[in-house]
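The values are calculated or read from the model by the stated rules, or taken from the named source; none is laboratory data. On a predicted model such as this, the values are computed, not experimentally measured, just so you know. Don't worry about glycine lacking a Cβ; one is built from the backbone with ideal geometry, like all the others, and counts go over all protein chains shown.
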There are 2 protein chains.
Amino acid sequence: MTIKDVAAACGVAVSTVSRVLNNHPDVSASTRARVLEAIDRLHYIPNNSARDLVASQVDSIGLVVRGAENPFYTPIIRAIEASCEAAGYTMVLHQIPVGADEISAGAALVRSKRLRGIIFLGGRFDYSQEEGAAIGIPFVCCTNTNQFGDLDKSVYSSVSIDDFAEGYRATRLLIDQGHARIAVLLDSVRDHSISELRYAGYCQALADAGVPLDADLVLETIDFTMAAAYERTLRAFRERRDITAIFAIADSMAISAMKAIHDVGLTVPEACSIVAIDGIEMSRYTVPTLTTLTQPQVTMGEEAVKILLDVLSGAAPSRHVRLETVLREGETLGPARH
Amino acid sequence: MTIKDVAAACGVAVSTVSRVLNNHPDVSASTRARVLEAIDRLHYIPNNSARDLVASQVDSIGLVVRGAENPFYTPIIRAIEASCEAAGYTMVLHQIPVGADEISAGAALVRSKRLRGIIFLGGRFDYSQEEGAAIGIPFVCCTNTNQFGDLDKSVYSSVSIDDFAEGYRATRLLIDQGHARIAVLLDSVRDHSISELRYAGYCQALADAGVPLDADLVLETIDFTMAAAYERTLRAFRERRDITAIFAIADSMAISAMKAIHDVGLTVPEACSIVAIDGIEMSRYTVPTLTTLTQPQVTMGEEAVKILLDVLSGAAPSRHVRLETVLREGETLGPARH
């Protein structure tokens, strides 16, 4: 069975069959339908062998990004795509809002795109066993672990920082400068995600230093937008001016907080120090430059793909990699005023 | 020919053949090879008909992003993906560095991924007829036109702002505040791209106002990084302090320039005003807030997909859409000091 047989069977030129097979737009709908019908009826396998067909289905890796508007993810996405490409895989990107559920999005992607593996970026930390099973193919959590879920560690992989330890470290930097009235700027203390873990690190650092936790200084934004972080910080400083430091769980939140502090007439770091976690490029160029714990973004992306490829090829089982941040010394950390 | 025949032919269970077909990892390499060989030999078409095979090839749209580290593109990419998804297409993302050539990247993507259409984001403005032909499938230029190339307007589509007119408008905003020593911060005046076009608008606005062009005030960064924009601005202010305004062709460059101006001990806008083009979220939160001509990012992405779908379905021919910016009044535009 060749392309000539198909052409003869439906009375069109070989080039027309070729155009249909190559999805060329200038074939009329009726001719296209006729060619497809003949292909169907004659069981013609276009171009190559069924082996190629199978091969063409095995080359995609899905990337589900939750909250893609966060510039922190941009270099990670780039690294993941480059690593997929280098290994001969197509990366299928699917971006969902912060509030959406990546498990159902991921499962739908697996069904519709015939993926071999999937990487979740910016995902939840509380996958259940049922949710893990719903994915059905190997997956890697990038930037998140599963500390609040009951998924067995052997059925998935992860690459992330130790959110508790880094939250502790950021808070400690402020305590070491003599700060005691340290606010924490986060999504929600019960988000079962990075906010909750970094907040736990903040609480532990305060406790270890003998600083009592002050509920007024826990600034929840509930969503992850820059606008919400700006408004929440503005409100905090309108209510009380004695805050001398802020630990922001993300650079983008810290940038909003700096703007709010400026807008209430105070200066950073003289009136209020700020330390964050992330290390995005933009926060190098804020006035003043943000002091932040930089995550190894490119390494995180590359490592996520490497792990997934190892699992897919059978070279290694699922694994969990913890990476460390590097302090980028900026201009937003200073001694406490008293 | 059924899956049972394949299983029988190579002496494995039906479930094993199914696993191979579904790319499940836990099949040994030798078994996988044996099953694929049998599929090949028996001309078995997995699961569905050849019609599905053809259908599975027609559902992808490629997106080639040049310079994806620019946060300006993030909302556009998101809008393009959402629009593709809503129309039942998979978006295949390919990110390339600013210096790379999107035509060869796009052509390779078309060959390897069997795309139906392609969108170029952040691409060149000088495609030749040969390059257009190399793509071979319908394509839309998003943010770029083809003002320096010889591609016939009927063979591709575009969505962009009028770079010349917006460069003129930005410069005019500064002239209207009494500025005469206005620097322009850009990639290169001969980049055959947005820099060259916006620079032409800058020159025309100066000429119309009777302000002579001063070559010292043309700040070329040669690359598009924030670091280069910072260094170039720093150097300009070290050489001469009489610059009273900057037109930066992109928000990210303007943010770097603000930092450089701060670092030489001057203030924005008292010592130097800045106006840019883009309107990224981050520049709302800089201190001071950037005054910028905001591009309709989401509309640009949606429109690019809409045009491509129209061309693919035959509903409309190629077309070229020009969108306008909206002035976001920030805090970086003030009257000239004399």
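Odds and ends about this structure:
- Residues being surrounded by fewer than 16 Cβ atoms within 10 Å (Cβ to Cβ), within 14 Å of chain B (Cβ to nearest Cβ), farther than 23 Å from A:Glu166 by Cβ and in contact (Cβ under 8 Å) with a residue 12 or more places away in the chain - total across the stretch A:316-338: 1
- All positions within the stretch A:105-130 that are surrounded by fewer than 24 Cβ atoms within 10 Å (Cβ to Cβ) and away from chain B (no Cβ under 14 Å): A:Ala107, A:Arg124, A:Phe125, A:Asp126, A:Ser128, A:Gln129, A:Glu130
- Conditions (1) without any contact (Cβ under 8 Å) to a residue 60 or more places away in the chain; (2) surrounded by 16 or more Cβ atoms within 10 Å (Cβ to Cβ); (3) within 14 Å of another protein chain (Cβ to nearest Cβ): number failed by B:Tyr156: (1)
Conditions tested, residue by residue: (1) of a type in the set (S, T, N, Q); (2) at pLDDT 80 or above.
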{"position": "A:Met1", "(1), (2)": "no, no"}
{"position": "A:Ala7", "(1), (2)": "no, yes"}
{"position": "A:Cys10", "(1), (2)": "no, yes"}
{"position": "A:Asn22", "(1), (2)": "yes, no"}
{"position": "A:Pro46", "(1), (2)": "no, no"}
{"position": "A:Ile96", "(1), (2)": "no, yes"}
{"position": "A:Leu109", "(1), (2)": "no, yes"}
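- Test: residue in the stretch B:248-257 that is at pLDDT 95 or above and of a type in the set (D, E, K, R): yes
- For the stretch A:255-265, the tally of residues that are facing chain B (nearest Cβ under 7 Å) and either closer than 13 Å to A:Arg232 by Cα or hydrophobic (A, V, I, L, M, F, W, C) (or both) stands at 4.
- Meets criteria (within 21 Å of A:Leu333 (Cα to Cα) and under 17 Å from the mean Cα position of the chain (by Cα)) for A:Arg172: no
- Residue within the stretch B:129-136 that is in the same structural domain as B:Leu93 (by TED's automatic domain parsing), touching a residue at least 12 places away in the same chain (Cβ under 8 Å) and touching a Ser or Thr at 6+ places or on another chain (Cβ under 6 Å) present: no
- B:Asp59 vs. criteria surrounded by fewer than 22 Cβ atoms within 10 Å (Cβ to Cβ) and over 17 Å from A:Met91 (Cβ atoms): no
- Scanning the stretch B:264-282 for residues that are more than 30 Å from B:Val321 (Cα to Cα) and out of contact with any strand residue (DSSP E or B) (no Cβ under 9 Å at 6 or more places or on another chain) yields B:Val264, B:Gly265, B:Leu266, B:Thr267, B:Glu270, B:Ala271.
- Here is the figure for the stretch B:57-104: residues that are more than 10 Å from chain A (Cβ to nearest Cβ) and on the phi > 0 side of the Ramachandran plot total 1.
- Selection of the stretch B:75-102 for residues being in a helix (DSSP H, G or I) and either in contact with a strand residue (DSSP E or B) (Cβ under 8 Å, 6 or more places away or on another chain) or without any contact (Cβ under 8 Å) to a residue 12 or more places away in the chain (or both) yields B:Ile76, B:Ile77, B:Arg78, B:Ile80, B:Glu81, B:Ala82, B:Cys84, B:Glu85, B:Ala86, B:Glu102.
- Residue among A:Ala257, A:Ala245 that is of a type in the set (A, V, I, L, M), under 21 Å from A:Ala165 (Cα atoms) and not assigned by TED's automatic domain parsing to the domain that holds A:Tyr156: A:Ala245
- Among the residues of this structure, B:Ser313 does not count as one that is within 11 Å of chain A (Cβ to nearest Cβ), surrounded by 15 or more Cβ atoms within 10 Å (Cβ to Cβ) and out of contact with any Pro (no Cβ under 6 Å at 6 or more places or on another chain).
- Answer from B:Val189, B:Val218, B:Val268 - the residue that is more than 14 Å from chain A (Cβ to nearest Cβ), buried (at least 17 other Cβ atoms within 10 Å of the Cβ) and touching a residue at least 24 places away in the same chain (Cβ under 8 Å): B:Val218
- A:Ser252 being within 10 Å of chain B (Cβ to nearest Cβ) and free of Cβ contacts under 8 Å to residues at least 60 places away in the same chain: no
- Scan of the stretch B:283-305 for residues that are surrounded by 24 or more Cβ atoms within 10 Å (Cβ to Cβ), within 12 Å of another protein chain (Cβ to nearest Cβ) and either touching a residue at least 60 places away in the same chain (Cβ under 8 Å) or in contact with a strand residue (DSSP E or B) (Cβ under 9 Å, 6 or more places away or on another chain) (or both), ordered by number: B:Ser283, B:Leu290, B:Gly301
- Only strands (runs of 3 or more DSSP E) whose full extent lies in the stretch A:103-220 are considered here, and the ones with at least 2 residues that are within 20 Å of A:Met253 (Cβ to Cβ) and touching a strand residue (DSSP E or B) at 6+ places or on another chain (Cβ under 8 Å) are A:157-161, A:182-186, A:218-220.
- Single residue of the stretch A:48-74 satisfying the filter (hydroxyl-bearing (Ser, Thr, Tyr) and not in a helix (DSSP H, G or I)) that is modelled with the lowest pLDDT: A:Ser49
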